[in-house]
Ligand SMILES: Cc1cc2nc3c(=O)[nH]c(=O)nc-3n(C[C@H](O)[C@H](O)[C@H](O)COP(=O)(O)OP(=O)(O)OC[C@H]3O[C@@H](n4cnc5c(N)ncnc54)[C@H](O)[C@@H]3O)c2cc1C
């Protein structure tokens, strides 16, 4: 067993960190928490700028086959994620680059790959995910929005919701019912669509903190070309499952927390309460150390997943475990940091806020990882049913 | 990066697993708990034939010349099965000899350890129960070519059957606590040494060792006078990682047994494993096992590579201590009453989770080390 990176990997990692560090210097002060990408105009601009910077280095196509402009390896993807997380840099479209691209590489026809991959690699087209509906959340396959084929088009009607960045993105990938008569799981098609298509209305939904990271998307006779599908018609469910497997391993969030831990340590070393530095309080020392332990454990399992993926091995159980663990660690971190800050734990980004208001933000943003990408309870079901072989709930 | 076991490690694992399954059944574990010695000489000799005590001893001293990481691979299996006896005390006490022993000490002792002829343990803790140097009060006073040791050591595992005791003493109390520590290799038959087994949760024969005017020749000092504490830290670090590896094995058994039982035990007309309340607990048990596992593997790898890893060792120990206790607790809970009985295997593991937590430093001790390592002033 060997945790050592190769000399080449070390050099790449160094470069990823250097570039991200430089980009950090240009980050707008309003960029607090990753959801700011979608919430604030100047943050979205910054996201697009970083995407271009990454694209020109080939970093949005790490590990892709060379025929589609790929550079580097799967391991580079992991190292790059570490750098982006630690320096808290957007520019990496989680929908397009992280999830859709590998899905297309595995499941799409040649013409779809040719058409869509290179704009993703160039950082030119941003994507959103159009899956959830008001009445189809965890049990996504019960969705009702329809795409009925007519000639060489699908005509889409219905409503999607909670779609992150739908108001900013150029294209969306969605899952729609294409055969209302067929049985569950064999009636859905995975469709790629231009968000400017007439008949699509996007309405931002305010998140609890007042920002609007996600939207409702209405379809009213929206016509999309029938060729823009991934996989077979009515077999989109398999594509959904494939894509869900490329959702975040958590490396970005974990490394972002490492940086936050450093800030937390600094805060404790500089902040006095009751005549004593917080860092001298044994209870605080103990709790900060506990967070450090959990964070390192989260990173260790993220490496385990990377190691499996590098060999093209399934990481189903570990990926679910990692997702549960890092997302709930995010909650614990937010609760703890806002505790330690005392009355300042409630202050939004402003001159009174510790660490630019990152902790107050985290207290609200922690649900992004616990609820989305398959709620943690669903991840526990996955481990129990598919991993441990326990009887499946009907 | 390649996080798989090497082929040689896979062989070691399999061999250990098969060997322990036949040679160390739970009936023997219970028997040994109740016995005075706490280990089986017959089993010990067989382990020596497999090279376990000499695993990390270089070949020129009749050892196997394996790495520290290999040792942790073996210990994961001993933890998985439970192996009572002085393997960990002996192996961990071998490190100071390897590191600080004279050539004469090495040539004399290491082959005997490898052959299973000698059991060694370390006497560190005292009345205060702390793993910090400040807790060392046992005094060693120079007298001609000898030192005279006086004091009482506690929780020295298997000291009652040990041939040698590595005794951590104070030789200077005018300096900061870490700077006046000297380590002696003491023949346990020396007059003035008295040993008594302390009844404990895992019945793992932790001893009180009393030193009353015990004369030890100067040449039995390991390392230098007053400079012994870094060696203790090294032992604690290696011991912590070793204990973590053993715990990972034990945690895995707890998870596997619980999952298997939940598929068999029927209540309300269905296997209890069909209840989602229990499924999610088992998913959490598995998750905490797997997050522990790679944390420990990383620390073991760093230690094996000779990289500084005081931080990683403490991160792992502080984390795994809590995981083992909690997984053990849930294993009992999910089995119900049956796992509260002495004759069930689960409580063997549950009880050991508390002992494993304490050995080589408890959670709060290691969290404090982590706090220092991450820069809290
Ligand atoms: C910040 C954020 C961003 C999002 N972004 C997107 C996006 O870009 N695109 C998109 O399509 N969707 C997005 N979503 C939606 C997300 O995919 C859903 O919220 C998620 O699938 C859960 O569905 P739900 O919210 O309807 O909850 P429900 O499915 O109604 O679940 C409610 C509760 O019941 C639990 N539960 C449900 N089923 C089970 C079960 N079988 N066993 C045990 N417990 C169960 C859940 O875990 C949860 O605790 C986003 C959500 C959030 C919070």
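Each reported figure results from applying straightforward, stated rules to the coordinates on display, with no laboratory input. Please read these numbers as outputs of a predicted model, since none were measured by experiment. In this analysis, Cβ positions are derived from the backbone assuming ideal geometry, glycine residues included, and neighbour counts consider all displayed protein chains.
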Inset, instruction - Kindly express, to the nearest 10 degrees and within the range 0 to 90, the angle between helix A:282-310's C-alpha long axis and the longest C-alpha principal axis of chain A. - result: 30
Inset, instruction - Return the ratio Rg/(2.2 N^0.38 Å) for chain A, where Rg is computed over Cα atoms only. - result: 1.01
Legend entry - Stokes-Einstein D in µm²/s, Kirkwood radius over Cα pairs - region B:121-228 at 10 °C with 1.306 mPa s viscosity: 116
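Below 8 Å, C-alpha to C-alpha, sequence gap of six or more: please give me the relative contact order for chain B in percent. Mind showing how you got there, number by number?
Numbers: 679 pairs, mean separation 56.9, N = 377.
15 percent.
Let me know the Kirkwood hydrodynamic radius for chain B, please, with Cα pairs as the basis and the value in Å to one decimal. Mind dumping the intermediate values first?
Numbers: mean 1/r = 0.0468 Å⁻¹.
The answer is 21.4 Å.
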Legend entry - Centre separation in Å (Cα based) which lies between region B:172-236 and region A:46-114: 58
Legend entry - Rg [Å, one decimal], Dmax [Å, integer] - region A:128-244, C-alpha atoms: 13.4, 45
Legend entry - Cα-only radius of gyration and Dmax that characterise region B:20-73, units Å: 13.4, 38
Legend entry - Degrees, to the nearest 10: A:251-270 long Cα axis against longest axis of chain A: 20
Legend entry - Antiparallel bridges, percent of DSSP beta bridges restricted to the protein assembly as shown (to nearest 5): 85
Legend entry - Additional length obtainable on full extension of the chain from residue B:23 to residue B:326, 0.36 nm per residue less Cα span: 106.2 nm
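If r is the Cβ-Cβ distance from residue B:277 to residue A:331 and R0 is 22 Å, what FRET efficiency results, to the nearest 0.05?
The formula returns an efficiency of 0.60 here.
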Legend entry - Added length on full extension, which subtracts the Cα-Cα distance from 0.36 nm per residue, residue B:139 to residue B:219: 27.1 nm
Inset, instruction - Can you tell me the FRET efficiency between residue B:41 and residue B:377 if r is taken as the Cβ-Cβ distance and R0 is 35 Å, rounded to the nearest 0.05? - result: 0.10
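What FRET efficiency would be calculated for the residue pair residue A:273, residue B:49, taking the C-beta separation as r and a Förster radius of 35 Å, to the nearest 0.05?
Values: r = 61 Å, r/R0 = 1.75.
For R0 = 35 Å, the calculated efficiency reads 0.05.
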Legend entry - region B:218-371: relative contact order in percent, alpha carbon pairs under 8 Å with at least 6 residues between: 30
Legend entry - Between region B:306-331 and region A:276-302, the alpha-carbon center distance in angstrom: 13
Inset, instruction - Return one number: the angle in degrees, 0 to 90 and rounded to the nearest 10, between the long axis of the Cα atoms of helix B:7-23 and the longest principal axis of the Cα atoms of chain B. - result: 80
Inset, instruction - Sticking to Cα atoms, compute the Rg of region B:228-377 to one decimal and its Dmax as the biggest Cα-Cα distance, whole number, in Å. - result: 17.3, 63
Legend entry - Spin-label model distance (nm) - residue A:232 vs residue B:256, 7 Å beyond Cα toward Cβ: 4.0
